[in-house]
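Asker: Below you'll find the structure I mean.
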Amino acid sequence: MVFGEVRFREPTRVRRPDRDPRFACVACQSPGPDDLPIFLDRAPADLIERHALSDTSVELGGVLLGKECVDPDGGRPFVWITQALEAKHYANTQASFTYTHDSWEEITRERERLHPDLDVVGWYHTHPSFGIFLSHHDLFIHQNFFSQPLQTAYVVDPIQGTRGFFRWLDGRMVQVAGFWLCAERSERVALSRLVDQMENLPVAAGVGSGATLSPRLEAELLKMMNRPAPPLGGPGDRLALAALGGLLGALLLVLVAAAGFWLARVDARLAEQGAALAALKGDLEDSANARKVAADLLLEKVGGETPELFVARYETLARSRDDARRQLAAQQSVNEALGVRVKDLATLSASLQGELEAARKTLTSYEADAKEAPKLRERVVELERSADEDRREIQDQRAILATAEGIKANEAHVELGRYRLLSFAGALSSLLLALAAVFFYYRALPAQASRAPEADARRGA
Ligand SMILES: [Zn+2]
């Protein structure tokens, strides 16, 4: 499909569906006698309704596929829309709908793939809550892309539940007073139900049984499941608010009840703990009493006496304890003294050990000497023998001296000694005389020699 190209298509010669017994047709609104007859099949009508209700916050749209026809009876043209394609890619706001290039491409592809025998006979878009008309923007789109004489524009307001077709008339776009919804004759029930919904008529009892959900009901259900709640304000919202309030009240009641139950539980547990504490206190008191009794018994065993006596006993015990301490101290000093003594003894023992060693050495040497003793004894015997010989010799000489010849010899010996002494004295006196003579001689010589120089000296003076 090429847009902007002015090419008038040759309408198809086909019998109008409202005059064909195979089809069932129901007028929507009231088509005028001079209007372009527009037939919309149930399938595209249903699709457009669902699409329009799928999002009522923005404008949605698509293209209408079908045939531009001429009725053989009378030759009047009419349009038969048998399919619709949703535009998937578009730039839209709440008040405008614009096909994008991607959108056109996709629609073209889809048409060629799914319905190559159908023509683009118009386009549709939604005006959520602002009524059925063509804005300047809509007219611009229609003039530029849907300029064929039988190409129509279908506008749906899914909020107000109104819809309308526009068609070319004398170069202007005008709304038709009504159109027909068509279906196979076997689908009459579903068709009438759809028409009732589109005209906001109550659906007759039994008519809808066995049929699928209406587009609006389905859209409402989808909206409920998928969308956040719209802003509060309407009577329905007030009802919802009241319901919410009731729910919150119920919740609060439940919470209060739970809190009360919890407090009761806490109170019961506190009571249990109090009882347990009381029991514990009783046990403690019993224990304390038992201890007191035990202490009393002990005291009785200790003496069963007056405090004064007890104190006296205590003091006695304390004294004996102090004595014991003193004894202990004395014992300690004794121990220390013993320790010193032990040290001294150890030193002494060491020195004794040394002496013992020395003695042992001496003994060893003595033992060595003892080995030499026999030899010594032999020598002693020898010496004694020689001494005896000497003694005998002396005795022999004495005996000789004791005889007359001995006396004589002895006298001669004494005489000889006397002579020897006399001769020695004579020699000594002759030596002394000689020395004196020499002395006196050498003394006279120097006296003469010294006298002559003295006379010369006096003469000279
Ligand atoms: Zn519009």
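The values are calculated or read from the model by the stated rules, or taken from the named source; none is laboratory data. Everything quoted here is computed from the prediction, not taken from an experiment. With ideal geometry, Cβ positions are generated from the backbone for all residues, glycine too; neighbour counts draw on all protein chains shown.
Asker: What residue, of L401, L352, L383, L422, is surrounded by 10 or more Cβ atoms within 10 Å (Cβ to Cβ) and at pLDDT 90 or above? I'd like the intermediate steps shown before the answer.
Answerer: Values: L401 fails: at pLDDT 90 or above; L352 fails: at pLDDT 90 or above; L383 fails: at pLDDT 90 or above.
Result: L422 is the single residue among L401, L352, L383, L422 that is surrounded by 10 or more Cβ atoms within 10 Å (Cβ to Cβ) and at pLDDT 90 or above.
Asker: Pick from region 123-133 the residues that are within 13 Å of G164 (Cα to Cα) and of a type in the set (S, T, Y): which of them is farthest from the ligand (Cβ to nearest atom)?
Answerer: Restricting to residues being within 13 Å of G164 (Cα to Cα) and of a type in the set (S, T, Y), the top hit is Y124.
Asker: Exactly one of (1) part of a helix (DSSP H, G or I); (2) more than 16 Å from the ligand (Cβ to nearest atom) is unmet by D117. Its number?
Answerer: Tallying (1) part of a helix (DSSP H, G or I); (2) more than 16 Å from the ligand (Cβ to nearest atom), D117 fails exactly one: (1).
Asker: Related question: Kindly indicate whether P158 is away from the ligand (no atom under 16 Å from the Cβ) and modelled with pLDDT of 90 or more. Reasoning before the result, please.
Answerer: Details: away from the ligand (no atom under 16 Å from the Cβ): no; modelled with pLDDT of 90 or more: yes.
Considered against the rule, which asks whether it is away from the ligand (no atom under 16 Å from the Cβ) and modelled with pLDDT of 90 or more, P158 comes out as no.
Asker: Look at W80 and say whether it is away from the ligand (no atom under 16 Å from the Cβ), more than 58 Å from the chain's Cα centre (by Cα), among the aromatic types (F, W, Y) and in the same structural domain as I159 (by TED's automatic domain parsing).
Answerer: Working: away from the ligand (no atom under 16 Å from the Cβ): yes; more than 58 Å from the chain's Cα centre (by Cα): yes; among the aromatic types (F, W, Y): yes; in the same structural domain as I159 (by TED's automatic domain parsing): yes.
Judged against the criteria, W80 is a match.
Asker: Of everything in region 165-199, what is buried (at least 19 other Cβ atoms within 10 Å of the Cβ), without any contact (Cβ under 8 Å) to a residue 60 or more places away in the chain and part of a strand (DSSP E or B)? Give them in sequence order.
Answerer: F166, W168
Asker: Condition first: away from the ligand (no atom under 16 Å from the Cβ), over 15 Å from E184 (Cα atoms) and in a helix (DSSP H, G or I). Can you find one or more residues in region 35-48 that meet it?
Answerer: First pass over region 35-48, keeping only residues away from the ligand (no atom under 16 Å from the Cβ): 35-47.
Pick out the ones that are also over 15 Å from E184 (Cα atoms) and you get 35-38, 47.
From what's left, in a helix (DSSP H, G or I): 47.
The answer is yes; a qualifying residue exists.
Asker: Right, next: Any residue in region 130-142 that is under 18 Å from W104 (Cβ atoms) and in a helix (DSSP H, G or I) sitting within a Cβ distance under 8 Å of a residue that is of a type in the set (S, T, Y) and near the ligand (Cβ under 8 Å from one of its atoms)? List the pairs, counting only those 6 or more apart or interchain.
Answerer: Final answer for the pair search is H137/S96.
Asker: Something else about it: Of the residues in region 69-110, how many are at pLDDT 80 or above, crowded, with 19+ Cβ neighbours inside 10 Å and part of a helix (DSSP H, G or I)?
Answerer: Selection size over region 69-110: 1.
Asker: Go through (1) within 16 Å of the ligand (Cβ to nearest atom); (2) among the hydroxyl-bearing types (S, T, Y); (3) out of contact with any strand residue (DSSP E or B) (no Cβ under 6 Å at 6 or more places or on another chain) one by one and return the number of the condition T98 breaks.
Answerer: (3)
Asker: Do the conditions hold for G61, that is, is it away from the ligand (no atom under 16 Å from the Cβ) and not aliphatic (A, V, I, L, M)?
Answerer: On the way: away from the ligand (no atom under 16 Å from the Cβ): no; not aliphatic (A, V, I, L, M): yes.
No.
Asker: Also, quick follow-up: Using the structure shown, decide if H136 is modelled with pLDDT of 90 or more, near the ligand (Cβ under 10 Å from one of its atoms) and touching a strand residue (DSSP E or B) at 6+ places or on another chain (Cβ under 7 Å). Explain how you work it out, then say what you get.
Answerer: Details: modelled with pLDDT of 90 or more: yes; near the ligand (Cβ under 10 Å from one of its atoms): yes; touching a strand residue (DSSP E or B) at 6+ places or on another chain (Cβ under 7 Å): no.
For H136, the condition - modelled with pLDDT of 90 or more, near the ligand (Cβ under 10 Å from one of its atoms) and touching a strand residue (DSSP E or B) at 6+ places or on another chain (Cβ under 7 Å) - is not met.
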